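**Student:** Below you will find the structure I want to go over with you.
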Amino acid sequence: MSTYKVPVSVLVVIYTADLKVLLLDRADHPGYWQSVTGSQDAGETLEQTAAREVQEETGIDVSQYQLTDWNITNTYEIYPEWRHRYAPGVVSNTEHVFGLLVPQSVTVTLSPREHLHAVWLPRQEAEQKVFSPSNAAAIKLLASRNATSA
């Protein structure tokens, strides 16, 4: 890898009005289920990063649905197994949370390099299945958000 990842990322919770949540199983760490995530590229807005990552990881075109910046920022320590992707000395990442409301459990097209499986789960099951505490917290928020305006 010639360039390092930027330690700024997005987390995009993709969900339906009846609070089914899309989760993806990481190819580089099977059993680590998560929502769409990805690092910002130089020159991108956070919204552009969210749209690009959703497209790359699921094949979903966000312009067809309702992408919303939840105005939540998390800073967390980067897992040691993934630090080599960042510049030497970078140990933390700032994550920006988005939601993507889709009308139903849409079919996804996975990038096999990134994910092995996709599953739509009820909110509470999804919250329990994800490995990341910030991802679980974001999914939990769906219970208190109005799904039509989230």
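The values are calculated or read from the model by the stated rules, or taken from the named source; none is laboratory data. These numbers come from a predicted model, not from an experiment. Cβ placement follows ideal geometry from the backbone for every residue including glycine, while neighbour counts extend to all protein chains displayed. For the accessible areas, the whole protein counts, side chains as well, though only heavy atoms, and no ligand, DNA or RNA atoms are used. Shrake-Rupley method; radii C 1.70, N 1.55, O 1.52, S 1.80 Å.
**Student:** Please enumerate the residues belonging to the stretch 47-67 that are at pLDDT 95 or above, farther than 25 Å from D25 by Cβ and in contact with a strand residue (DSSP E or B) (Cβ under 9 Å, 6 or more places away or on another chain).
**Tutor:** Scanning the stretch 47-67 gives a single hit, E47.
**Student:** Report the residue count in the stretch 123-137 for those that are out of contact with any Phe, Trp or Tyr (no Cβ under 7 Å at 6 or more places or on another chain), buried (at least 20 other Cβ atoms within 10 Å of the Cβ) and aliphatic (A, V, I, L, M).
**Tutor:** 1
**Student:** For T73, indicate whether it is at pLDDT 95 or above, among the hydroxyl-bearing types (S, T, Y) and under 18 Å from Q34 (Cα atoms).
**Tutor:** Values: at pLDDT 95 or above: yes; among the hydroxyl-bearing types (S, T, Y): yes; under 18 Å from Q34 (Cα atoms): yes.
It is true that T73 is at pLDDT 95 or above, among the hydroxyl-bearing types (S, T, Y) and under 18 Å from Q34 (Cα atoms).
**Student:** Test Y4 against the stated conditions and say whether it is open to solvent by 40 Å² or more (accessible area, probe 1.4 Å), closer than 25 Å to V91 by Cβ and either touching a strand residue (DSSP E or B) at 6+ places or on another chain (Cβ under 7 Å) or modelled with pLDDT of 95 or more (or both). Talk me through it step by step, then tell me what you get.
**Tutor:** Numbers: open to solvent by 40 Å² or more (accessible area, probe 1.4 Å): yes; closer than 25 Å to V91 by Cβ: yes; either touching a strand residue (DSSP E or B) at 6+ places or on another chain (Cβ under 7 Å) or modelled with pLDDT of 95 or more (or both): yes.
Yes, satisfied.
**Student:** Any residue that is without any contact (Cβ under 8 Å) to a residue 24 or more places away in the chain, in contact with a helix residue (DSSP H, G or I) (Cβ under 9 Å, 6 or more places away or on another chain) and under 20 Å from H115 (Cα atoms) - is there at least one of those in the stretch 75-82?
**Tutor:** There is no residue in the stretch 75-82 that is without any contact (Cβ under 8 Å) to a residue 24 or more places away in the chain, in contact with a helix residue (DSSP H, G or I) (Cβ under 9 Å, 6 or more places away or on another chain) and under 20 Å from H115 (Cα atoms).
**Student:** Right, next: Could you tell me which residue of the stretch 81-103 is farthest from T49 (Cα to Cα), considering only residues that are open to solvent by 10 Å² or more (accessible area, probe 1.4 Å) and touching an Asp or Glu at 6+ places or on another chain (Cβ under 9 Å)?
**Tutor:** Here the residue is E81.
**Student:** Might you let me know whether the stretch 30-46 holds any residue that is outside any strand (DSSP E or B) and of a type in the set (D, E)? Break it down into steps so the answer makes sense when it comes.
**Tutor:** Keep residues of the stretch 30-46 that are outside any strand (DSSP E or B), which gives 30-32, 35, 40-46.
So of that shortlist, the ones also of a type in the set (D, E) come out as 41, 44.
Checked against the condition, which is being outside any strand (DSSP E or B) and of a type in the set (D, E), the stretch 30-46 yields at least one hit.
Residues checked against (1) open to solvent by 40 Å² or more (accessible area, probe 1.4 Å); (2) under 15 Å from the mean Cα position of the chain (by Cα):
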{"site": "A42", "(1), (2)": "yes, no"}
{"site": "T45", "(1), (2)": "yes, no"}
{"site": "Q48", "(1), (2)": "yes, yes"}
{"site": "A51", "(1), (2)": "no, yes"}
{"site": "V54", "(1), (2)": "no, yes"}
{"site": "E57", "(1), (2)": "no, yes"}
{"site": "S63", "(1), (2)": "yes, no"}
{"site": "T68", "(1), (2)": "no, yes"}
{"site": "Y79", "(1), (2)": "yes, no"}
